[in-house]
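J.: Dropping a structure here in structure tokens format, bear with me for questions.
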Amino acid sequence: MNPPKHVAIIMDGNGRWGLKKKKSRNYGHKKGLEVVEEIIDISIKKKIKYLTLFVFSTENWKRPQREIKYLLSLLSLYIDKETDNLIKKNIKIKVIGNTLKFPKLLRNKLKKIQNLTKNSNKIQINMALNYGSHQEILNSFKLIKKKNLSINKKNIENHLYTKGIPYPEILIRTG
Ligand code: IPE
Ligand code: MG
């Protein structure tokens with residue numbers, strides 16, 4: 001059987017998992033990231049070409065500041081630590097979502113990692129950050145309007161964050 005081309009994962013339940021282990025929600029987030037690293041390696045072995053990770057949603061801003069700060073610092077540290085490895089493993093990172101709300105330093109890091117890996121072709125990881133489906137559709141409409149194009153299905157699809165990428169065949173929610 002052919003492997004799926006595109007697998008999408010909604011990361012969920014990490015905080016509850018940490019508490020269940022009698023540790024903290026943040027402990028769960030940290031472990032969650034370690035699992036992501038394993039998932040990436042397994043996806044490469046399974047020859048999956050696109051892996052979409054729903055990391056941080058537009059809803060997640062409602063969380064306590066402390067937790068948000070921790071989540072963003074984990075992401076920042078991950079980029080610092082993994083950049084060389086991602087390049088070596090031929091992994092392309094693409095951020096989907098509106099990152100304007102993130103701190104400048106993190107935005108720069110995200111820009112840099114996307115640039116450094118833009119020609120990689122083993123697997124593409126779509127990292128959904130401050131992502132919301134309504135926001136993705138709105139963004140598509142704005143781009144269409146800007147270009148003065150007509151509103152039709154093809155144009156809407158062509159201006160989604162994931163244009164040119166096959167739709168996910170498998171969607172997993174972890175929590
Ligand atoms: C997923 O786990 C990680 C993020 C959304 C950042 P959650 O943080 O949603 O964990 P629960 O669902 O509250 O346990
Ligand atoms: Mg959750």
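J.: Check cross-link reach from Lys145 to the lysines: straight Cα distance under 18 Å, and skip same-chain residues fewer than eight apart.
T.: Those lysines meeting the cut-off are Lys153, Lys154, Lys163.
J.: Next question. If you project the alpha carbons of the chain onto the principal axes, what extent comes out on each, in Å, largest first?
T.: Extents along the principal axes, in whole Å: 54, 40, 29.
J.: Related question: May I ask for the equivalent-ellipsoid semi-axes of region 120-175, computed as the square root of five times each C-alpha gyration tensor eigenvalue and listed largest first in whole Å?
T.: That gives 24, 14, 11 Å for the three semi-axes.
J.: Further, regarding this structure: Among Ile172, Asn90, His6, whose Cα lies farthest out toward the positive end of the dipole of the chain, if unit charges sit on the beta carbon of Lys, Arg (+1) and Asp, Glu (-1)?
T.: Asn90
J.: Quick one, what does Rg over Rh come out to for region 1-94 if you take C-alpha atoms and the Kirkwood Rh?
T.: 0.99
J.: Could you sort out which of Lys46/Lys101; Lys5/Lys104; Lys46/Lys109; Lys101/Lys147 sit more than 31 Å apart by Cα distance in this structure?
T.: As for pairs spanning more than 31 Å Cα to Cα, those are Lys46/Lys101; Lys5/Lys104.
J.: Further, regarding this structure: Hey, if you drop one equal point scatterer on each alpha-carbon of region 63-105 and run the Debye formula without solvent, what base-10 log of I(q)/I(0) do you get at q = 0.23 Å⁻¹?
T.: -0.94
J.: Given the convex hull of the Cα atoms of region 49-152, what is a quarter of its surface area in nm²?
T.: Answer in nm², one decimal: 7.7.
J.: With +1 on the Cβ of every Lys and Arg and -1 on the Cβ of every Asp and Glu, and nothing else charged, how large is the dipole of the chain about its Cα centre, in debye rounded to the nearest 20?
T.: Magnitude of the dipole: close to 300 debye.
Only the coordinates and a few stated rules stand behind these numbers; no lab work does. On a predicted model such as this, the values are computed, not experimentally measured, just so you know. Heads up, the Cβs are rebuilt from the backbone with ideal geometry, glycines too, and the neighbour counts pull from every protein chain shown.
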